[in-house]
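Here the structure comes first, spelled out in structure tokens, and everything after it is commentary.
Each value in this text was obtained by applying a stated rule to the coordinates, not by laboratory testing. Because the structure is a prediction, the values reported are computed rather than measured. For neighbour counting, all protein chains shown are included, and Cβ atoms are generated from backbone atoms with ideal geometry for every residue, glycine included.
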Amino acid sequence: GAAATRRLHGMSTSSPRIASMFYRLCVVAASASALRVTVLGGTGYVGSRVCEKLVSKGHDVTSVSKSGSKPDGAWADKVTFVANDLTRGPREGLEAAVGAPDVCVSCVGTVGFDGRGLEVGNGVANVRAAEALAKMALQRYVY
């Protein structure tokens with residue numbers, strides 16, 4: 001099951017560890033200097049922690065999420081929050097929301113038991129993001 005898979009890959013379900021893993025994947029290997037990073041799903045459970053970690057390392061962070069709402073925490077003052085529905089919004093809106101990052105990290109995801117909702121929230125949203133990002137000169141896209 002999922003727990004066995006996480007153990008095999010040395011992953012923990014704790015969000016600080018996940019945020020650190022995303023940080024290493026998207027930033028450390030890409031550049032030693034400050035980067036422009038867009039985090040898709042940046043107001044969610046994992047995404048907000050990824051944003052916080054990126055800000056703590058001095059990166060310029062934009063969060064794109066359905067709500068675009070700013071979470072609590074001093075770190076959030078250093079993030080640009082943009083509202084965009086990755087599943088239903090117009091493609092032009094998504095491209096504008098993403099901006100021109102060096103790196104993009106997708107923390108978009110849905111949990112639950114509704115099969116169609118899981119497909120849209122986990123699959124369609126990430127496919128739309130990848131299509132919008134395909135034309136950009138990204139150093140790295142992590143999803």
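Numbers for the structure displayed
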read-out	value
In order through the stretch 127-135: 3J(HN,Hα) via Karplus (6.51 cos²θ - 1.76 cosθ + 1.60), integer Hz, x for Gly, Pro	5, 4, 5, 4, 5, 5, 7, 4, 8
Mean Cβ count within 10 Å, highest first, over the residues of peptides 45-57, 61-73, 129-141	45-57, 61-73, 129-141
Cut-off 14 Å between beta-carbons: net charge of the residues surrounding Ala96, Lys and Arg +1, Asp and Glu -1	0
